[in-house]
Amino acid sequence: MKKINVITLGCSKNTVDSEHLMARLAAAGYEVLFDSDRTDAKVVVINTCGFIGDAKQESIDMILRAAAAKQAGKIERLFVVGCLSERYADELRAELPEVDEFFGARTWDGIVRALGAAEDPALETERHLTTPKHYAYLKISEGCNWKCGYCAIPLIRGGHVSVPMERLEEEARKLAATASTSTAGGCWPNCFAGSAASEASSGYACTTPIPRHSPTR
């Protein structure tokens, strides 16, 4: 079985993105590992953060470590996805030829195809959980419509879009079957999402516990 190591940096939204990707990879026949330094996986995917300086540096350092491992013959294929490559793809391609390909935070279908994984809509709500068993994250929206001068979220993630309620309910039920609580991933608790009124909000939702035995209430 092919092994793949998915390394996730940044916020809980990246965690959710990686978990969705890993579910598709598992369906394609990969043995999925995550955030592992002790693996013989020959394929590595790094899901990066590009929001603030320290996070960008952490992502660059991780890419350089993986690039060195590839040069040493320890890994065969290296892919970079997520916010950093969404924001700086051209610069990264020029500086890091060891990386096989860069995919942004809004081009997940690209990395799925590159790895031969399924684009089956039936997998849309499937997750390969990486959090402890007592909780998981539920991402209820994406992007932001407020174009604040100090914030890169609209540039990286685009305008605010709520996840359809029927998809949230399906995903929440699956999460509740495997984790004692699930939370709506987000960073700033004064923001909200998931309703018509929230279309002007940031999309970084309140952290909302969902009881295991009543996942949609």
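Read-outs throughout are calculated quantities, based only on the coordinates presented, and are distinct from any laboratory measurement. Being a predicted model, the structure only gives us computed values, none of them experimental. Using ideal geometry, Cβ is built from the backbone for each residue, glycine included, and neighbour counts are taken over all protein chains shown.
Quick rundown of the values:
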| read-out | value |
| --- | --- |
| Value of D in µm² per second that Stokes-Einstein yields for region 61-190, Kirkwood Rh from Cα pairs, at 25 °C (0.890 mPa s) | 143 µm²/s |
| Neighbour-count order for THR178, THR15, fewest beta carbons within 10 angstrom listed first | THR178, THR15 |
| Förster-model FRET efficiency, 22 Å R0, ARG38 and ARG113, C-beta, rounded to 0.05 | 0.15 |
| Hydrodynamic radius by Kirkwood, which averages 1/r over all alpha carbon pairs of region 105-178, in angstrom | 14.5 Å |
| In Å, descending, principal axis extents of the Cα set of region 1-135 | 37, 32, 28 |
| Under 5 Å, built H, 5+ apart or other chain: amide partners of ILE46 | ILE7, PHE79, VAL80, VAL81 |
| For TYR137, distant residues with modelled amide H under 5 Å away | THR183 |
| Residue pairs, from the table LYS2/LYS74; LYS133/LYS174; LYS13/LYS70; LYS42/LYS133; LYS70/LYS133, whose Cα atoms sit over 24 Å apart | LYS13/LYS70; LYS42/LYS133; LYS70/LYS133 |
